[in-house]
There are 2 protein chains.
Amino acid sequence: MTEKSKTLVDQILIQIQNSIITGEIPAGSKINEQSIAKQYGISRGPTREALQTLERQRLVVRAPHIGARVAQLTVKELNELYQLRSVLEGMACELASNRISQTEMQSLQALLERQEQALVDGDHDFQQQSEIDFHYQIIQASDNRHLQETLTGSLYHLIRMYRFQTSGDERPTSAIAEHRRIIDAIADGDGELANLLMRRHIERGRKNTEIKLIERQKQQAAAESLLTINNL
Amino acid sequence: MTEKSKTLVDQILIQIQNSIITGEIPAGSKINEQSIAKQYGISRGPTREALQTLERQRLVVRAPHIGARVAQLTVKELNELYQLRSVLEGMACELASNRISQTEMQSLQALLERQEQALVDGDHDFQQQSEIDFHYQIIQASDNRHLQETLTGSLYHLIRMYRFQTSGDERPTSAIAEHRRIIDAIADGDGELANLLMRRHIERGRKNTEIKLIERQKQQAAAESLLTINNL
DNA sequence: CGTGAAAATATTGTCGACAATTAAAACCAA
DNA sequence: TTGGTTTTAATTGTCGACAATATTTTCACG
């Protein structure tokens, strides 16, 4: 069936990615090359290459002679990431407004309807996934290769990670309404409006994630201080 | 003196970078791991890692089982690259306008004066270098880590490559005047204006580079057709 | 006990060899 | 010659071992 993935790196990369994004390997924790290699039954060569790829995706930070750690953003850095993302996706919307094809437009519309259905059904996983798909499709429609690579190659993995690890019950109703308006603006060819609406949409997502990250950090700090007290 | 660069990759990386940026290894040409390794007296391991780093910097394109090639942009892709850059550096200007410190501002002013002096002296190399420095300093002043990494880690190497390989006698007088206005806007804290001026500044650079790239491509096409005729 | 130096351990960096795959050459048929 | 096949060579992918560096542990001394 899934016959490809000819190289070992490709095969394990997605697995490590998922382990990081889900938090199975916690943010900030050290990654040992040998144990990763043993875990997947491969040698350290491909493991190192996978780690370098993860570094490009900004999921991992590496230092010479010291090793790799799972990335961990401060609240400030998370906000910076979202700010950058909003500018880039706003640009994507503006470009898409001028160039988007009929089939791409129909695909976006169909996706939106499925999202609305998933909202009715309460299918939370699908909502999460289709939120991502929505943004991906617009990015693809921008028809700017470097913009696409920057967003999907370097920024989106981190976004997904923090979305996943801070996700409770989101703000699905309002988010879908925002999607609707963005699509309408693109359909109208109003790039300036689409840009603005996308930036606002992402800014709301940023606030949501920021709040939850701060909550989580407080809990962790509390748990840690409790732990250190017990160890004295 | 220069005591660091503890790892082999760091040592050879800059050399390969320069070979690519100067065109010593031509755009689009294949890169052989073994010959690179032999050339620098190291094994293929570090060589592969260096190539992967160059891939992150977008100076190299790699394909599984096929190998690495020096990146080669079409005119369309070059324009997309510049368009992305202008949006990001516009953003950097806007952020810098709000946050820049006095010392950073003075450093920018000093750089500008040196640029003007280099213009008088006709020091072309220094002009080229300080043009880059100017943009770097503003990017640094933006105080957004992800923006910085995107620009200096992924985009600027390609920009430098195409700047270098298409550079004749540039448009130095007007460029410096534009720098002056951008700095003034930042000093005034007028982020919106600084953003606009930077985008225009880069757009002019784009046009300049585009024209020269098209010229070069025509020359190459002519030379190539001549060559094939002779081989018949 | 605490602190700092020294020894021991663990981890990353580098190498050379072999396997898997692709690119080039040789070959044959039309 | 040309087009397609098979064979050969070249190149990339993977592995295990050793070297260089960082981290942990041990131990002596205050």
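Structure values in brief
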{"item": "Teacher prompt: A:Arg44 distances to equivalent labels in other copies, 7 Å Cα→Cβ, nm", "result": "1.9"}
{"item": "Taking only Cα atoms of the stretch B:53-171, radius of gyration then Dmax in Å", "result": "16.3, 52"}
{"item": "Backbone HN-Hα couplings from phi across the stretch A:26-32 [Karplus 6.51/-1.76/1.60, Hz, Gly and Pro as x]", "result": "x, 4, x, 7, 7, 10, 9"}
{"item": "³J(HN,Hα), Karplus 6.51/-1.76/1.60, whole Hz, each residue of the stretch B:192-201, x for Gly, Pro", "result": "4, 5, 4, 4, 4, 5, 5, 4, 5, 4"}
{"item": "Using alpha-carbon coordinates, inclination of helix A:75-99 to the longest axis of chain A, degrees", "result": "30"}
{"item": "With 5 Å bins from 0: P(r) over the stretch A:3-70, alpha-carbon pairs, percent", "result": "4, 18, 31, 28, 14, 4, 1, 0"}
{"item": "Helix-only mean residue ellipticity at 222 nm for the protein assembly as shown, each DSSP H run of n ≥ 4 adding -39500 (n - 2.57), per residue, nearest 500", "result": "-24500 deg cm²/dmol"}
{"item": "Inter-label distance for B:Ala187 and A:Gln102, nm, one decimal - labels placed 7 Å from Cα along Cα-to-Cβ", "result": "5.7"}
{"item": "Label distances, nm, A:Glu24 versus same residue in remaining copies, Cβ-directed 7 Å point", "result": "4.5"}
{"item": "For the stretch B:102-204, alpha-carbon Rg over 2.2 N^0.38 Å", "result": "1.06"}
{"item": "Options A:Ile42, A:Leu213, A:Ser142, ranked by Cα towards positive dipole end of chain A, top entry (Cβ charges)", "result": "A:Ile42"}
{"item": "The stretch A:1-57: GluC sites (Glu not before Pro) falling in loop per DSSP and having at most 12 other Cβ within 10 Å", "result": "A:Glu3, A:Glu24"}
{"item": "Average partner coverage of B:141-147, which counts Cβ from other chains inside 10 Å", "result": "5"}
{"item": "Angle in degrees between helix A:102-121 and the longest Cα principal axis of chain A, rounded to the nearest 10", "result": "70"}
{"item": "Rounded tilt (10° steps) of A:8-21 against the dominant C-alpha axis of chain A", "result": "80"}
{"item": "Calculated Rg and Dmax of the stretch A:89-150 using C-alpha coordinates, Å", "result": "12.6, 37"}
{"item": "Under Karplus coefficients 6.51, -1.76 and 1.60, residue-wise ³J(HN,Hα) of the stretch A:131-140 in Hz, glycine/proline x", "result": "4, 4, 4, 4, 5, 4, 5, 5, 4, 4"}
{"item": "Placed amide H near A:Val60: partners under 5 Å, 5+ positions off or other chain", "result": "A:Glu55, A:Ala71"}
{"item": "Cα-derived Rg to Rh of chain B, Kirkwood definition", "result": "1.01"}
{"item": "Anchor B:Lys76: aspartates and glutamates whose Cα lies under 19 Å away (excluding residues fewer than 8 positions away in-chain)", "result": "A:Glu94, A:Asp143, A:Glu149, B:Glu203, B:Glu210, B:Glu215"}
{"item": "Along principal axes, Cα extents of the protein assembly as shown, largest first, whole Å", "result": "67, 62, 51"}
{"item": "Number of partner chain Cβ atoms within 10 Å, mean per residue of A:49-62", "result": "2"}
{"item": "Pseudo-label separations to other copies for A:Lys76 - Cα-to-Cβ vector, 7 Å, nm", "result": "4.2"}
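Rule-based calculations on the coordinates, nothing more; no lab input. All values reported here derive from a predicted model rather than from experimental measurement. No Cβ is skipped: glycine too gets one built from the backbone with ideal geometry, and neighbour counts run over all protein chains shown.
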